[in-house]
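Have a look at the structure below before the remarks.
The values are calculated or read from the model by the stated rules, or taken from the named source; none is laboratory data. The structure presented is a predicted model; accordingly, all values stated were derived computationally and were not measured. Reconstructed Cβ throughout: ideal geometry from the backbone, glycine too, with neighbour counts over all protein chains shown. Please note that ligands, DNA and RNA were not included when accessible areas were found on the heavy atoms of the full protein model with its side chains. Shrake-Rupley method; radii C 1.70, N 1.55, O 1.52, S 1.80 Å.
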Amino acid sequence: MSATMLRACLLWLLCLVALPAFAQDYAFAPVPAWVQVAPLPDAGDAMPTSDGTRYLLLDDQVDARTARSTAYRRIASRLENPRALSEAGQLRIDFQPDYQHVLVHAINVWRNGHVTDRRPDARVEVLRREEDLDDAMLDGEYTVAITVPDLRVGDILDYSYSVVGSNPVFGEGYHDAYTARFGTTLGYRRVRVLYDAARPLHVRAPQDFTRRDGGQGAQRFVEFSARRLGRVRTEADMPDSFDPWGQVELSTAA
């Protein structure tokens, strides 16, 4: 075996083997006090996809008041038929271990009007995720992979987590963008950011998203939300430079 082939094999092994979970990689923790918890939308607010998944809620909230920002995300979906069960219980959370760690807040399953905490039953692994493996480039990003057992048709899987930490290359600044729409219908979409008035936040979002501003003193927030979002349909010959989804863009840079 040549040196080049040996190196390629070693890289593939790095990609496929689960890594030991270190204490700083992830932990279970309560929802942060600054998070504004949204009620679950009605099932009729979104249509099921071809595989039978009905996406009810995608809620992103960020605490950007310090240089070490915290990004909270909550996802809720209803599983309408057996095809939806195959992928629904496989949760993935990407993070950069050099400056981030993951807090898992909730893994709830709603069944017949009752909610069950599935964190004690979930299997959690930390995996190395290497998208540029073919180019022999290791980007160092890891994935917290969570397997949720015993999901059934009609269940609502409702989970939330935070990724704590931001790229130090940005220094004291905060910059991020969130996709506004998707290739499926969505019952409720929100992006909400807390920031310090001493570091004004510049924002841009689709015009049909509702904007809300508020806060007290130096502690401010801006929020963009929309309900009953329709599916975005793309064309095969669409140029790469065109963004059909729309973005909620946020930055402390003018």
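At 1.4 Å probe size, with every protein chain present, just tell me what the per residue accessible area of segment 152-254 comes to in Å².
I get 55 Å² per residue for this part.
Amide H of ARG231: which non-local residues (sequence gap of 5 or more, or other chain) have their own amide H closer than 5 Å, using H built in the peptide plane?
THR185
Give the relative contact order (percent, whole number) for segment 70-126; include only Cα pairs under 8 Å separated by 6+ residues.
Value for segment 70-126: 15 percent.
Tabulate in residue order the Karplus-calculated ³J(HN,Hα) for segment 87-102, using 6.51 cos²θ - 1.76 cosθ + 1.60 with θ = phi - 60°, rounded to whole Hz; enter x for Gly and Pro.
Working through the residues one at a time gives 10, 4, x, 9, 9, 10, 10, 8, 7, 9, x, 5, 8, 9, 9, 10 Hz.
Can you check what the net charge comes to around ASP155, using other residues whose Cβ is under 13 Å from the Cβ of ASP155 (Lys, Arg +1; Asp, Glu -1)?
Overall, the nearby charge balance is +2.
Using a probe of 1.4 angstrom, how much of the accessible area of segment 105-217 is carbon and sulfur, in percent?
Here it works out to 47 percent.
Hey, what do the phi angles of segment 176-189 turn into as Karplus ³J(HN,Hα) couplings, whole Hz, using 6.51/-1.76/1.60 and θ = phi - 60°, x for Gly and Pro?
Listing the rounded values in order: 6, 9, 10, 5, 8, 10, 9, x, 9, 6, 9, x, 8, 10 Hz.
Given H placed on each backbone N at 1.01 Å, which residues far from PHE28 in sequence or on other chains put an amide H within less than 5 Å of it?
The list, which skips near neighbours in sequence, is VAL104.
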